[in-house]
Every structure is written in C-alpha cells, then in structure tokens.
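Trainee: My questions all concern the structure below.
Every number in this text was worked out from the coordinates using simple rules, so none of it is lab data. If you're wondering where the values come from, they're calculated on a predicted model, not measured in any experiment. Every residue, glycine as well, gets a Cβ built from its backbone with ideal geometry; the counts of neighbours run over all protein chains shown.
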Amino acid sequence: QVQLKESGPGLVQPSQTLSLTCTVSGFSLTSYNVHWVRQPTGKGLEWMGVIWTGGSTDYNSALKSRLSISRDTSKSQVFLKMNSLQTEDIATYYCAREGVLGWYFDFWGPGTMVTVSS
Amino acid sequence: DIQMTQSPSSMSASLGDTVTINCLASQDIGNYLSWYQQKPGKSPKLMIYGATNLEDGVPSRFSGSRSGSDYSLTINSLGYDDEGIYHCHQYYEYPPTFGGGTKLELK
C-alpha cells in the first residue's frame, strides 16, 4: 500500500540548515510527483515545493532562495533542504503524493515536527 | 497567488446535523479544488477532489459543490468522527494555496 514517512532532526539551531527525508513505498517516484507542505502549530497549510516525476522541481517563491528538493529514486527517497532557519520555520513538515487526476494530494506522510532553537 | 478565503473559521454542531463549510477563491479556479479533513496530531486526509468528486473510502455523507468561485463542503448526518479541521485547497495554478481551515466541533 502507499506510504510516505518523513524523518529528520526535530531540533535545528537558528540560521542552520534543515534536512528532511521522505521515504515512500507502494509507488515509484518516477510515476508520481511528491510535494512538501508545512503547517505551523495551530495554523494553516503552506505548500513548499514539488519534485516532478522527471526530477525537476518547483518551489514556493517565498522560500525559493532557501529551499532545495531532490531525490534518490533507487532508495525511494525525497529530500528537503532549507537553509537559514528561523523561528518562523517552526512547523510540522509533511510530504505528500500528488493525485492521479490533478495536483491534489491523495496520500500524506504522518509529518515531522521541527523546532528552531539554540 | 490565489487567495482562498474559508468560512467559518470554527463552528459547533449537533449529532445528526447537516453542516456546510465554504471556500471563496480570489479568481477563477475551475473545478481544481480539494477538501481535506485533519484530526488533532494527524496529517490531512483527502475527502473531495475536482470540487465534487468523493475520494475512495470517504462516506457519501460528504459532498462538494461549486457556485462560481464559491465552493462548499457539506456533511450530512454529522457524527463524532467528523470532528476536526477542514481545509480547502486550490490546484488550478502554482503555487497551490490553502484556505485558513475550519474547525468543526460537535456539541
């Protein structure tokens, strides 16, 4: 069955780089696009970026200068790196699979909480 | 970016009620709208896509509709399992954007 799971450090120091991994199963990264979405506690959802089946990427313009998404298809993993982290980046980070019939998200990982603190 | 204005931000209803949550798009998005249900501490769950299409496994008590740039999620015969936060999401153009969420509680 389709599964996604995020992993990474729960605590990042201010101005440092966040590195997260999304490990997927039940589908191929060359057949489905995978997105990153984040949610500050008690707030709404914010789309961060996508890695397309062909390996190219698109990013939210508000994060583009700090964000990088890549993948290792052989390991079924998608990576997120975001630098210069600040307290505004405290959130739960989700990876999500894009649906078959459009750019909605049909499967999500459970999310990983990231705190920024020294 | 397309703004999605969701209302109400919170609501309380009784068991068996019918409730409607609304989302207004700042520009035309066609039927490129989805709805998600999110329970505390959990990730969002797809309920509706294409404005009106029920995701597999979602009870038929849930339905989506559209009137121009106004989109609605209706839940009939409300049950305790329907409590949570509901998010609308436009995927007509990039970047995809979400509404602010509606917190639904049962009395």
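Trainee: Once you have a ≥ b ≥ c as the square roots of the Cα gyration tensor eigenvalues for region B:46-105, tell me rounded if a/c is under 1.5, and otherwise prolate or oblate according to whether a/b is larger than b/c.
Mentor: Values: a/c = 1.84, a/b = 1.48, b/c = 1.25.
In terms of gyration-tensor shape, prolate.
Trainee: Given points 7 Å out from each Cα along the Cα-Cβ axis, report the B:SER14 to B:TYR80 separation in nanometres with one decimal.
Mentor: Label at B:SER14, label at B:TYR80, 1.8 nm between them.
Trainee: A further question follows. Could you list the trypsin sites (Lys or Arg not before Pro) in region B:5-78 that lie in coil according to DSSP, counting only those with at most 16 other Cβ atoms within 10 Å of their Cβ? Mind showing how you got there, number by number?
Mentor: On the way: sites: B:LYS42, B:LYS45, B:ARG61, B:ARG66; in loops: B:LYS42, B:ARG61.
The qualifying sites are B:LYS42, B:ARG61.
Trainee: Positive end of the charge dipole of chain A (Lys, Arg +1 and Asp, Glu -1 on Cβ, about the Cα centre): tell me which of A:PHE107, A:GLY44, A:PRO9 has its Cα farthest that way.
Mentor: A:PRO9
Trainee: Where nothing but the Cβ of Lys and Arg (+1) and of Asp and Glu (-1) is charged, how large is the charge dipole of the protein assembly as shown around its Cα centre, in debye to the nearest 20? Intermediate values should be presented prior to the final figure.
Mentor: Details: 16 positive and 19 negative charges, 100 e Å.
So the dipole magnitude of the protein assembly as shown works out to roughly 480 debye.
Trainee: Next question. Does the protein assembly as shown come out rounded, prolate or oblate, given a ≥ b ≥ c as the square roots of the eigenvalues of its C-alpha gyration tensor, rounded meaning a/c under 1.5 and, failing that, prolate meaning a/b above b/c? Could you put the intermediate results ahead of the total?
Mentor: Values: a/c = 1.73, a/b = 1.53, b/c = 1.13.
Prolate, because a/c is 1.5 or more and a/b exceeds b/c.
Trainee: Please turn the phi angles of region B:70-82 into ³J(HN,Hα) values with the Karplus equation 6.51 cos²θ - 1.76 cosθ + 1.60 (θ = phi - 60°), one per residue in order, whole Hz, x for glycine and proline.
Mentor: Working through the residues one at a time gives 9, 10, 9, 10, 10, 10, 8, 6, 3, x, 4, 5, 8 Hz.
Trainee: Positive end of the dipole of region B:26-95, charges at C-beta (+1 Lys, Arg; -1 Asp, Glu), about the Cα centre: which of B:SER72, B:MET47, B:GLY30 has its Cα farthest in that direction?
Mentor: B:MET47
Trainee: Shape verdict for chain B, please, from the Cα gyration tensor: rounded (a/c under 1.5), prolate (a/b greater than b/c) or oblate.
Mentor: Details: a/c = 1.69, a/b = 1.60, b/c = 1.05.
Prolate shape, in that a/c is at least 1.5 and a/b is the bigger ratio.
Trainee: Can you run the Rg to Rh ratio on region A:24-113? Use alpha carbon positions and the Kirkwood inverse-distance Rh. Could the numbers behind the result be given before it?
Mentor: Working: Rg = 12.7 Å, Rh = 13.5 Å.
So for region A:24-113, dividing Rg by the Kirkwood Rh gives 0.95.
Trainee: Counting partner chain Cβ atoms within 10 Å of every residue's Cβ in B:85-98, what's the average? Let's see the in-between values first.
Mentor: Working: counts 3, 0, 3, 0, 6, 2, 7, 2, 1, 8, 11, 11, 5, 6.
Counting Cβ atoms of other protein chains within 10 Å of each residue's Cβ and averaging gives 5.
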